[in-house]
Amino acid sequence: MMRGGARPGAGRKKMPIKRQSHSFRLFDAEYFLLKECQDAIKVGTSFKITFDKGKGYFEKIEKKEVQTTAVDVDEKGESLTADQERAYRLIMSGANCFITGGAGVGKSYVLKHAINGLERAGKRVVTCAPTGIAARNIGGATLHHTLGIPIGILEPNKEASISKRVQELLDVTDVIVIDEISMVRVDVFDWIIKIIEAEAKPHYSVSSKKKISNRIQLVLCGDFCQLPPVINAREREAWQSVYPNNPDGFAFLSPKWQFKTVQLTNVVRQKDKDFAASLNEVRLGNEKGLAFINSHKAKKWQKKAISLCATNAEAVSENNKGLDNLSGTEAVYVMDKTGRVSRSDIGGVPQKLRLKVGCRIVLTTNNADEGYVNGEFATVKELKPNSIIVSLEEDDKRVEVEKVDTLIEEYEKVVDDNGQSKLEKKEIGSFRQLPVRLGYAITIHRSQGQTYDRVNLKLGKIFATGQLYVALSRCRAISATYFKHKIEPKNLFIASEVKEFYQDLA
């Protein structure tokens, strides 16, 4: 290790320090390492260079430390578990990092706290995710909208083009946060790294015309043991010709994947420690976890439970069956769309929603005024032109559910009255629909990130790596989880690359 620059605290009262590090070389590392040292020496800033596996990392030592104690992660004073606090501190340190862990460990929870902490510290943060549902869960926008990522397979050797809007956005961005990184294909991940690399190179600002270089912190969150990126049948042959050594498109197999990592291990969703331990075995492809799960599952079909299905066709069939079994008049609620609205923005929201009095639905948003929350089940009692009256399963309370507007947003750079550049979300479109969906069944893919009190699993058509684990981990208790046939070791699908990746992390 080498040190240089002014010694912190020399001739003055000692103060806490903030440590900021970059955990991977974006490009031309030797040049920028030297340049950063020269710049630091010129202005008297303390720094250190750490050599790790032959690579040098520049670390600036500043006078002021960002507050990161667990009791001060937000204004409400909410606390974090010990490993969540480690993740929070790592994000706040300025490191390029990856926060991972199994289902129910609170990855999105700590991520939201960290985003709030970064913004309170004056950082300009862009938050995004690969799907509209995941983006809305963390208050962000979709990756493709935010960063102008082209549709289709992106060739690895092709230079990433950056639009004027995206360039302006990058010039005023300090941190990019990406949730559900396991669902981001490697070609998209590499494209993102390319534009971050380009932003770190000296270039002329679009707005000021001045020469700048801006290093952006990249924070990733997700679990590669859960559902992988989607490579549809039309693209499969072309994908295999471009990425023959990465058939599932995992981002961590990219040469650019070099991040400081915190793996969360304390499960907060399942209170039963034996169930949580068995799920962790299944997560890593270990058949030992199946013995407990098979012997402690619910003995019969769960009433007032949602069915998790392997395929979309199966989920649609189950929902239609539940609706068609009811007599009475059917109402169809059609989605209204304005502006730029893509299929990924809509996600699982039905464009034509069929409902009948007596049908079971699940609510998909929070409404404090009416007193219902996202994920709550209810029964339809009355159909109105633009709303429905439902009875909540939890307490039989009757509430009115009205159509809601969902905004489609992208980030843009704005200049405030003081001439300071900042980030704001700009509306580019919206859709309006009842915030409900039929509550008889849902695909395992769409259930990722959800928690249920009772589930019935239809596992006959499991086909994807991580699918079984996601299905089993949606319920709080194994005693409220039903599946017909014993789960055999052959039903465990986990990619060998994923298993090796997490073995190396351990």
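Choose one of 268, 244, 282: the residue whose Cα lies farthest towards the positive end of the charge dipole of region 217-303 (beta-carbon charges +1 Lys, Arg; -1 Asp, Glu; about the Cα centre). It is 268, whose Cα lies furthest towards the positive end.
Per the 1.4 Å probe, what fraction of the accessible area of region 367-420, in percent, lies on carbon and sulfur atoms? Whole-percent figure for carbon plus sulfur exposure: 36. Amide H contacts of residue 381 (H built 1.01 Å from N, in plane; Pro and chain starts excluded): 358, 389, 390, 391 sit under 5 Å, all sequence-distant by 5 or more or on other chains. Measuring nothing but protein heavy atoms, the accessible surface of region 151-294 at 1.4 Å probe radius is 48 percent carbon and sulfur. Solvent-accessible area per residue in region 119-189 equals 37 Å², computed with a 1.4 angstrom probe and all protein chains kept. A cut-off of 5 Å between modelled amide H atoms, ignoring neighbours fewer than 5 places along the same chain, links residue 429 with 340, 408. Pair-distance distribution of region 207-337: all C-alpha pairs, bin width 10 Å, starting at 0; shares per bin in whole percent are 8, 19, 25, 26, 16, 5, 2. Each peptide in 324-334, 344-354 gets a packing score, the mean of other Cβ atoms within 10 Å over its residues, and the list from highest to lowest is 344-354, 324-334. Which residues among region 430-466 fall inside the zone where the amide N is under 20 Å from a point 7 Å beyond the Cα of residue 271, along Cα→Cβ? Hits in region 430-466 for residue 271 at 20 Å: 450-455. Distance between the C-alpha centres of region 188-228 and region 429-465: 33 Å, rounded to the whole angstrom. Computed from phi, the 3J(HN,Hα) profile of region 206-211 under the Karplus parametrisation 6.51, -1.76, 1.60 (θ = phi - 60°) reads 4, 8, 8, 6, 8, 7 Hz, with x in place of Gly and Pro.
The values are calculated or read from the model by the stated rules, or taken from the named source; none is laboratory data. Everything numeric here is computed off the predicted structure, so don't read it as measured data. Cβ coordinates were reconstructed from backbone atoms using ideal geometry, including for glycine residues, and neighbour counts include every protein chain displayed. Just the protein is used for accessible areas: all its heavy atoms, side chains included, with ligands, DNA and RNA removed. Shrake-Rupley method; radii C 1.70, N 1.55, O 1.52, S 1.80 Å.
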